[in-house]
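To start, the structure itself, in structure tokens.
The values are calculated or read from the model by the stated rules, or taken from the named source; none is laboratory data. Because the structure is a prediction, the values reported are computed rather than measured. Cβ: placed from backbone, ideal geometry, glycine included. Neighbour counts: every protein chain shown. The protein model used for the area step is the full one, side chains on, heavy atoms only, and it has no ligands, DNA or RNA in it. Shrake-Rupley method; radii C 1.70, N 1.55, O 1.52, S 1.80 Å.
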2 protein chains.
Amino acid sequence: MSGDFKRVAVIGGTGKEGSGLAMRWARAGYEVIIGSRSAEKGARVAAELNERAGVSTIRGTDNASAAREGEVVVLTVPYSAHKATLAQIKDEVQGKVLVDVTVPLKPPNVTVVYIPEGGSATQEAQDFLGDGVKVVAAFQNISAAHLKDPEHAIDCDVLVCGDDKAAKQVAITLANAAGMRGIDAGPLANAVVVEGLTPVLIGINKRYKARGAGIRITGIEEE
Amino acid sequence: MSGDFKRVAVIGGTGKEGSGLAMRWARAGYEVIIGSRSAEKGARVAAELNERAGVSTIRGTDNASAAREGEVVVLTVPYSAHKATLAQIKDEVQGKVLVDVTVPLKPPNVTVVYIPEGGSATQEAQDFLGDGVKVVAAFQNISAAHLKDPEHAIDCDVLVCGDDKAAKQVAITLANAAGMRGIDAGPLANAVVVEGLTPVLIGINKRYKARGAGIRITGIEEE
């Protein structure tokens with residue numbers, strides 16, 4: 001189940017986080033379709049990413065078309081665009097796994113944990129999309145500063161939360177493909193903590209003059 | 001400010017987490033007073049801890065007396081005893097730093113993040129104790145399995161949240177004294193994430209058959 005997909009849609013794939021993940025997945029052998037609000041911009045950025053990543057398997061189009069083409073759909077948009085983007089792709093993601101990378105932030109206080117009304121961005125996505133979509137939370141804590149160079153080794157784990165084990169395995173497979181370790185961090189109810197780690201890490205970056213603070217889970221390495 | 005204290009009270013210091021921290025701080029040169037619901041039990045466990053840690057600087061008494069004697073007060077009780085214990089020590093901690101180690105858990109689902117009504121255990125402590133007490137969150141993510149042997153090296157960072165910088169420095173000093181790295185993780189509002197990491201780690205322990213999963217912040221090491 002987890003390995004048998006090859007087309008990954010990255011909604012909001014023209015952004016820093018999305019384009020970094022898109023390049024890594026393309027280099028790992030996936031077909032990647034990046035979605036943008038404008039199909040023209042999607043296509044233009046896809047061409048740039050192909051060049052930067054040394055591949056030719058990234059295409060770009062509008063968000064709804066990308067979601068339709070993807071077997072797995074990854075959502076990487078600012079929280080302010082979360083609901084509107086979910087509305088654009090709702091019909092196209094039915095029956096699929098949606099990996100939500102969205103971090104709820106309340107600018108300008110982006111170093112303070114903000115818990116949205118629905119409990120977490122991922123929970124809001126699950127509630128909005130309905131039971132036909134398997135929503136998992138992942139990749140929130142990976143600094144875009146690390147992703148932009150597709151050869152850069154990333155010293156950060158990917159915590160994956162969701163209520164469907166096979167869907168979580170899809171996200172873990174994608175984490176591994178992007179050169180990171182994916183870790184099952186429990187049910188969707190735990191997404192509030194994984195999302196909330198991002199403002200904590202942004203604050204640590206500021207206070208410790210770092211650019212790419214991340215987290216590692218210790219104590220589970222095989223002997 | 002941060003270094004000039006030598007008497008640390010550990011409320012709930014007969015428990016696994018509290019006694020492990022007490023031994024480490026005693027070995028680092030602090031006078032430690034552990035508090036228990038019963039002064040007799042406190043004294044008995046203190047004698048045991050002195051023997052295990054090879055020191056003679058741990059004393060034990062009831063919670064209120066321990067809080068009165070401590071220059072800094074560390075609270076390590078199960079969440080079910082949090083409010084009642086705070087009531088016991090409220091008068092004794094006025095004007096002091098209280099380091100709250102409490103993790104909100106809702107048994108039997110101890111692998112699911114539980115956010116208490118007051119936002120976090122630490123926020124509830126701050127609201128209950130009032131502005132005369134500087135409450136900081138710390139040490140929630142350190143597995144008691146690591147603490148029980150005072151010579152065991154702990155591969156886990158201590159995230160410290162609070163609204164007072166000097167009070168956070170006290171907790172960072174105590175983390176360092178116990179052989180760990182303390183990291184300023186932002187305001188008290190961020191404690192919800194630090195506390196919530198503990199049920200996430202308990203779940204990771206179960207799923208990955210580990211005993212002491214922890215976290216490390218990456219990317220902030222000096223060059």
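Got a sec? Which of A:103, A:113 is touching a Phe, Trp or Tyr at 6+ places or on another chain (Cβ under 9 Å) and of a type outside the set (Gly, Ala, Ser)?
After ruling out the rest, the residue left standing is A:103.
Among the strands (runs of 3 or more DSSP E) lying completely within segment B:1-96, list those that include at least 3 residues that are open to solvent by 10 Å² or more (accessible area, probe 1.4 Å).
Working: elements: B:7-11, B:31-36, B:58-62, B:72-75.
Result: B:58-62.
Only one of (1) more than 9 Å from chain A (Cβ to nearest Cβ); (2) assigned to a helix (DSSP H, G or I); (3) at pLDDT below 95 fails for residue B:146. Which number is that?
Residue B:146 satisfies every listed condition except (1).
Could you grab me the full set of residues in segment A:202-223 that are in contact with a strand residue (DSSP E or B) (Cβ under 7 Å, 6 or more places away or on another chain) and either more than 7 Å from chain B (Cβ to nearest Cβ) or without any contact (Cβ under 8 Å) to a residue 24 or more places away in the chain (or both)?
A:204, A:207, A:218, A:219
Yes or no: residue B:142 open to solvent by less than 10 Å² (accessible area, probe 1.4 Å) and free of Cβ contacts under 8 Å to residues at least 12 places away in the same chain?
no
Since residue B:152 meets every condition but one in (1) more than 15 Å from residue B:193 (Cβ to Cβ); (2) within 13 Å of chain A (Cβ to nearest Cβ); (3) under 14 Å from the mean Cα position of the chain (by Cα), which condition does it not meet?
(3)
For segment B:178-197, which residues satisfy the criterion of being in contact (Cβ under 8 Å) with a residue 60 or more places away in the chain, more than 7 Å from every other protein chain (Cβ to nearest Cβ) and either open to solvent by 20 Å² or more (accessible area, probe 1.4 Å) or assigned to a loop (DSSP other than H, G, I, E, B) (or both)?
Within segment B:178-197, B:178, B:179 meet the criteria.
Which of the following residues is touching a Pro at 6+ places or on another chain (Cβ under 6 Å) and open to solvent by less than 40 Å² (accessible area, probe 1.4 Å): A:101, A:160, A:113?
Sole residue among the options that is touching a Pro at 6+ places or on another chain (Cβ under 6 Å) and open to solvent by less than 40 Å² (accessible area, probe 1.4 Å): A:113.
Report yes if residue B:38 is among the polar types (S, T, N, Q) and within 16 Å of residue B:89 (Cβ to Cβ), otherwise no. If you could, list the steps in order and put the result at the bottom.
Working: among the polar types (S, T, N, Q): yes; within 16 Å of residue B:89 (Cβ to Cβ): yes.
For residue B:38, the condition - among the polar types (S, T, N, Q) and within 16 Å of residue B:89 (Cβ to Cβ) - is met.
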